[in-house]
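**Q** The structure's right below; bear with me while I get my questions together.
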Amino acid sequence: MKKIYLIASLFFFIFTNPILSNENDIYKKIDLFSEVLDKINKEYVDEVNQSEAMDAAINGVLQSLDPYSAYMSPDSFKNMQTETSGEFGGLGIEVSMEAGVVKVISPIDNSPAEEVGVKAGDYIVKIDDVQVQGKTLSEAVELMRGPVGSDIEITVRRRGERKALIFTITREIIQVASVKSEIKDDQTAYIRLTSFNENSSKQIKNKIKEFKKNKKIKNYILDLRNNPGGLLSQAIKISDYFLENGEIVSTKSKRKYENRKWFAKKGDIIDGETMVILINYGSASASEIVAGALQDHKRAILVGESTYGKGSVQSIIPLDNEGAIRLTVSKYYLPSGKSISRVGVNPDIVIAEGSDEFRINTDTDNQLEFALKLLNG
């Protein structure tokens, strides 16, 4: 019973905040929770692992807040801290949790998941023979991990598809290349940014310096499709490259003294040349900041599809048990004052993916083809 009252105290601490303090039945809820735990321990047909049950209860509280807040057990937290940066074994997808199901934010370029046809917005409902619903995000990710070269079967639900889709994927070492570039149609510099890591802004700056040596270059395409985001600092630097002045982004939190705004410094790195940004549903977080800021300042034309809508900031907060919680602590706001949370950024010109065989930067990429025609008349 001691553990039950400790958990009840934890829930009291979580729920007694300014938003919920007016609820007159809070003490009744605490008593009810203790009663339910007691009934489970006494009456449930199988032996209950109380530690796992408590972890699930804590995670349930956090996941009821939004898809990005979650509990990490000591083992999960340790794995996150020791994971190799930029190279890892797996499927090559960025995921979140929504309504108890794993949701694909975006597949990584040239990853096993992208190669078999997994798309942004897909819901993973089964991993091999295991139902995902009811599991935490960390547990689902653990199921997807495995030896390099081994196969995994995932079952997904996709918007517009009546039947579930089943993909067999071979796990590989995933190497993330942040920036790719080439010259298109002799006069258009194409830069694809796949993530916002600590070197992204420097890589883009160096690529643009190389492009500017070619006097034929007069247009730029920044491709942010299937870019799940990354470091806020990099989103600010990259936005600043293309702006002369004005606000880039702001964050607002419960504590007003933590509210911040970031502004551009004078100097457009491409000297006002015409710019198109490609976006889709797999563009999230930092990608939405860059696209939204340049759209608000009318510095770039956005082409493609509406973005994911991840406009929030999460902090990892260590706990006394050596685990941690991932908690949403603030939200992003564009220069216009609009929040991108859950709504995303809308393109200036909507161009949907052309077919089921659509692949980014290939012969089937109708969004890129449209952007090139737009720029070159």
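Taken together, the values in this text are just the output of simple stated rules run on the coordinates, not laboratory data. In this text the structure is predicted, and so the values were computed from the model without any measurement. Cβ coordinates were reconstructed from backbone atoms using ideal geometry, including for glycine residues, and neighbour counts include every protein chain displayed.
**Q** Pull up all non-local amide H partners of residue 330: gap of 5 or more, or a different chain, and H-to-H distance under 5 Å with H placed in the peptide plane.
**A** 313
**Q** What are the ³J(HN,Hα) couplings of the stretch 317-323, residue after residue, when phi is run through the Karplus curve with 6.51, -1.76, 1.60 and θ = phi - 60°? Round to Hz, x for glycine and proline.
**A** Each residue's phi maps through the Karplus curve to give 10, x, 10, 5, 7, 6, x Hz.
**Q** Here is a further query. How far apart, in nm, are two points set 7 Å out from the Cα along the Cα-to-Cβ line at residue 374 and at residue 173?
**A** That separation, rounded to one decimal, is 3.9 nm.
**Q** Obtain the nm distance between the two label points defined at residue 214 and residue 131 by a simple spin-label model: each point lies 7 Å from its Cα along the Cα-to-C-beta direction.
**A** Each label point is offset 7 Å from its Cα along the Cβ direction, giving 5.4 nm.
**Q** Sticking with this one: Taking 0.36 nm per residue of sequence separation and subtracting the Cα-Cα distance, how much length would be gained by fully extending the chain between residue 331 and residue 61, in nm to one decimal?
**A** Length gained, residue 331 through residue 61: 95.2 nm.
**Q** As I understand it, the dipole of the chain uses +1 on the Cβ of Lys and Arg and -1 on the Cβ of Asp and Glu, about the Cα centre. Which of 289, 120, 65 lies farthest toward its positive end?
**A** Final value for the positive-end residue is 289.
**Q** Taking the Cα centre of the chain as origin and charging only Cβ (+1 Lys, Arg; -1 Asp, Glu), how large is the dipole, in debye to the nearest 20?
**A** Numbers: 49 positive and 53 negative charges, 343 e Å.
Taking the Cα centre of the chain as origin, the dipole is about 1640 debye.
**Q** May I ask you to compute the full-extension gain from residue 163 to residue 252, defined as 0.36 nm times their residue separation minus their alpha-carbon distance, rounded to one decimal in nm?
**A** 27.9 nm
**Q** Now a separate question. Run the numbers for residue 350 and residue 317: contour at 0.36 nm per residue of separation, minus the present Cα-Cα distance, in nm. Could the numbers behind the result be given before it?
**A** Details: separation 33, 0.36 × 33 = 11.88 nm, distance 3.95 nm.
Gain on stretching residue 350 to residue 317: 7.9 nm.
**Q** Put +1 on the Cβ of each Lys and Arg and -1 on the Cβ of each Asp and Glu in the chain; which of 211, 269, 351 then has its Cα farthest toward the positive end of the dipole?
**A** The residue sitting most towards the positive pole is 269.
**Q** Please report the Cα spread of the stretch 179-376 along all three principal axes, rounded to whole Å, starting with the longest.
**A** 57, 42, 31
**Q** Take residue 363 and residue 198, extend 7 Å from each Cα along the Cα→Cβ direction, and tell me the distance between the two endpoints in nm.
**A** About 4.2 nm, to one decimal.
**Q** Hey, what number do you get for the chain at 222 nm if only DSSP H runs of n ≥ 4 count, each worth -39500 (n - 2.57), divided across all residues, to the nearest 500?
**A** Computed ellipticity for the chain at 222 nm equals -9000 deg cm²/dmol.
**Q** Taking amide H positions as placed in the peptide plane 1.01 Å from N, state which residues far from residue 125 in sequence (5 or more) or on other chains have amide H under 5 Å from it.
**A** Those qualifying (amide H under 5 Å, at least 5 residues apart or on another chain) are 155, 156, 157.
**Q** Tabulate in residue order the Karplus-calculated ³J(HN,Hα) for the stretch 271-288, using 6.51 cos²θ - 1.76 cosθ + 1.60 with θ = phi - 60°, rounded to whole Hz; enter x for Gly and Pro.
**A** These are the phi-based 3J(HN,Hα) values: 6, x, 4, 5, 9, 10, 10, 9, 9, 8, 5, x, 7, 9, 6, 4, 4, 6 Hz.
**Q** Mind checking the log10 I(q)/I(0) for the chain at q = 0.12, 0.13 Å⁻¹? Debye, one equal scatterer per Cα, no solvent, two decimals.
**A** The computed values of log10 I(q)/I(0) come out as -0.98, -1.12.
**Q** Also, quick follow-up: In terms of modelled amide H atoms, which long-range or inter-chain residues lie less than 5 Å from the amide H of residue 365?
**A** For residue 365, the qualifying residues are 359.
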